[in-house]
Structure formats: C-alpha cells, structure tokens
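Engineer: I'd like to ask you about the structure that follows.
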Amino acid sequence: MFNVRDRTAGNVHLAYVAESKAAERLELFAEKAEEEELPQIAHLFRAVAAAEKVHARRHFKQLEGSIKDSQSNLELTFQRELSVAGVEYDRMLKEAEEDEEEEAALVFSQARDVEEGHARLYKKALDHLIALRKTEYYVCTICGYVSDGKLPENCPICGAPKRKLRKVD
C-alpha cells in the first residue's frame, strides 16, 4: 500500500469490502428486475454495479501487497481457501446447526465443500504452474462448485443438473 497511516489503510480495506458488496448486491437486483421484465432498471443496476467494481478494484490495488506474481497469488489464495473451508465455514455451520437454521447450515456446508475444491484447484495449478495446461472450467450457479476440465452430469456438491453449470470463458 502507499505510505499511509493505519487508520487510512483500514478505511481503504473497508471501502474495498463495501464496494465489492455493493457491486454484487446490484447484480442480484438486476437479475430481479429482469425477472420482473424491467430491462431498463436491470440495465441501470448493471451499469452502477460496473462502476462499483471499478471503485473496488482501485481500492484493492491500494492494499499492501494485494497483487504479486502469479505463484505468490496462487499460494495466498490456496492458504485462504483452506482457512475459510476449515475454520470459518466449519464454525458458521456449527453455529447454524446449534441455532436450528437448516437452510443456512446447508448453504454453509456446501460453501465449505466448494472452498475445499477451490483449494485443490489452486494446489493443482501451483503443482503444474510451469506446464501451463489449458483447462476448461464450469461453475455451478447454485452452490459455486468449480469443475476442472469436464462438465459433470450433476453438481457433486448440491446435485444441480448439468444445465446449471456455466462455462467460464
């Protein structure tokens, strides 16, 4: 990060998080507007979401060490996926079960399993960084599972049919 005081650094991080959340929220609002057959409203939400993504990217680039070389970026994301899957989602799942919140528990459980899959993909990429193997990826639009190389008949995490998995270009 630029040479700034801790308070400003914290504010940059908060701004990044807020702008990222706003962009995603607006994308969801756009989907709802499309469902309601309000294409101009959906278009507006998508336009503002794009602007919020610009803000988020600018803030992220200010964060200290946020973007390094690809190997370092892979190592960082691999470690973060392991932490999220093995610590954060396990805690959230346990608490949702204690609160008898079945839907939240299911979503936390699926997200945890997907995050573990993400970690495996990052580890595989780290192991084969030199080879630069070209791979197709498909993402489940229901739970976020990422398929590495082939389109499964059903999502192995949530069971969604093949038509719910989208190819990532």
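What follows is calculated from the coordinates using simple rules that are stated; it is not laboratory data. Not measured: the values here are computed from a predicted model. Heads up, the Cβs are rebuilt from the backbone with ideal geometry, glycines too, and the neighbour counts pull from every protein chain shown.
Engineer: From the Cα gyration tensor of the range 6-62, with a ≥ b ≥ c the square roots of its eigenvalues, which class applies: rounded if a/c is under 1.5, or else prolate if a/b is larger than b/c, or else oblate?
Structural biologist: prolate
Engineer: Sum up the charges of everything whose Cβ sits under 12 Å from the Cβ of GLY117, counting Lys and Arg as +1 and Asp and Glu as -1, but leave GLY117 out.
Structural biologist: Local charge sum for GLY117: -1.
Engineer: Next up: Summing -39500 (n - 2.57) over the DSSP H runs of n ≥ 4 in the chain and dividing by its residue number, what mean residue ellipticity at 222 nm do you reach, to the nearest 500 deg cm²/dmol?
Structural biologist: -21500 deg cm²/dmol
Engineer: Additional query: So for CYS158, CYS140, fewest C-beta neighbours within 10 Å to most, what's the order?
Structural biologist: Ascending number of Cβ neighbours within 10 Å: CYS158, CYS140.
Engineer: Now a separate question. Contour minus end-to-end for ILE142 and LEU44, with contour as 0.36 nm per residue of separation and end-to-end as the Cα-Cα distance?
Structural biologist: 32.8 nm
Engineer: Taking the beta-carbon count within 10 Å as an exposure proxy, list ARG91, ARG120, ARG5 from fewest neighbours to most.
Structural biologist: In increasing order of surrounding Cβ atoms, one gets ARG5, ARG91, ARG120.
Engineer: Counting alpha carbon pairs within less than 8 Å and at least 6 residues apart, what relative contact order, in whole percent, applies to the range 75-161?
Structural biologist: 26
Engineer: Order 145-155, 16-26, 104-114 from most to least packed using the mean count of other Cβ atoms within 10 Å.
Structural biologist: 104-114, 16-26, 145-155
Engineer: Turning to a different aspect of this structure: When a/c is below 1.5 the answer is rounded, else prolate if a/b is larger than b/c, else oblate, so apply that to the chain with a ≥ b ≥ c taken from the square roots of the Cα gyration tensor eigenvalues.
Structural biologist: rounded
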